[in-house]
Amino acid sequence: MLEGVVTRKLKLISDERGWLLEIFRSDWEIFEKFAQAYVTTAYPQVVKAWHMHKKQTDNIACIRGMVKLVLCDDRKNSVTKGHIEEFVIGEKQPMLVKVPPQIWHGFKNIGENLALVINIPNNLYNYKKPDEHRLPPNTEKIDYDWKLAPWLKHG
């Protein structure tokens, strides 16, 4: 596991009415503070990568479909510098992944339907000066092959 990355298996509670999934609670060890929450989507086989925050921690869960979430540690003083970690998360494997600052991350929809991914970062998005740094999915800076479908838009 990359230094500072924390995961928490999530419990899906279902019955004849439907289901409930607690994604994030303030009494969990993984919780730092609440700033905002948002949902992003990805069509099948689409890759949304790479991005990184200098100060922000992301708390990511896939609530519909399945995604492969990939992290790359590029921190200078980290004991896991240069390591890559993959997590397959979603409906069939509910999990919350805490991504510390300065870790490149992204995900690929590995299912056949639209994927819904929720992020609960610990800082508000600053529209005037975003704490967001991006690299294309096929960058040479990160040794990872997403197996991009060339006919789809990624990034």
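The values are calculated or read from the model by the stated rules, or taken from the named source; none is laboratory data. In this text the structure is predicted, and so the values were computed from the model without any measurement. A quick note on method: Cβ atoms are made from the backbone with ideal geometry, for glycine too, and the neighbour counts reach across all protein chains shown.
From Thr57, Thr41, Thr80, grab the single residue that is of a type in the set (Ser, Thr, Tyr) and under 11 Å from the mean Cα position of the chain (by Cα).
After ruling out the rest, the residue left standing is Thr57.
Out of segment 26-44, which residues are among the aromatic types (Phe, Trp, Tyr) and farther than 14 Å from Tyr125 by Cα?
Of everything in segment 26-44, those that are among the aromatic types (Phe, Trp, Tyr) and farther than 14 Å from Tyr125 by Cα turn out to be Trp28, Phe31, Tyr43.
Could you list, in sequence order, all residues of segment 12-42 that are in contact (Cβ under 8 Å) with a residue 40 or more places away in the chain and within 14 Å of Val97 (Cα to Cα)?
Ile23, Phe24, Ile30, Glu32
Within segment 4-40, restricting attention to residues that are hydroxyl-bearing (Ser, Thr, Tyr) and outside any loop (DSSP other than H, G, I, E, B), which residue is nearest to Lys76 (Cα to Cα)?
Looking at the filtered set, the residue picked out is Thr7.
Could you pull out the residue among Val79, Val88 that is surrounded by fewer than 21 Cβ atoms within 10 Å (Cβ to Cβ), in a strand (DSSP E or B) and of a type in the set (A, V, I, L, M)?
Val88
Can Asn113 be described as part of a loop (DSSP other than H, G, I, E, B) and closer than 19 Å to Ile23 by Cβ?
Against the criterion (part of a loop (DSSP other than H, G, I, E, B) and closer than 19 Å to Ile23 by Cβ), Asn113 does not qualify.
Any residue in segment 97-120 that is modelled with pLDDT under 95, surrounded by 14 or more Cβ atoms within 10 Å (Cβ to Cβ) and either under 16 Å from the mean Cα position of the chain (by Cα) or not small (Gly, Ala, Ser) (or both)?
No, the conditions are met nowhere in segment 97-120.
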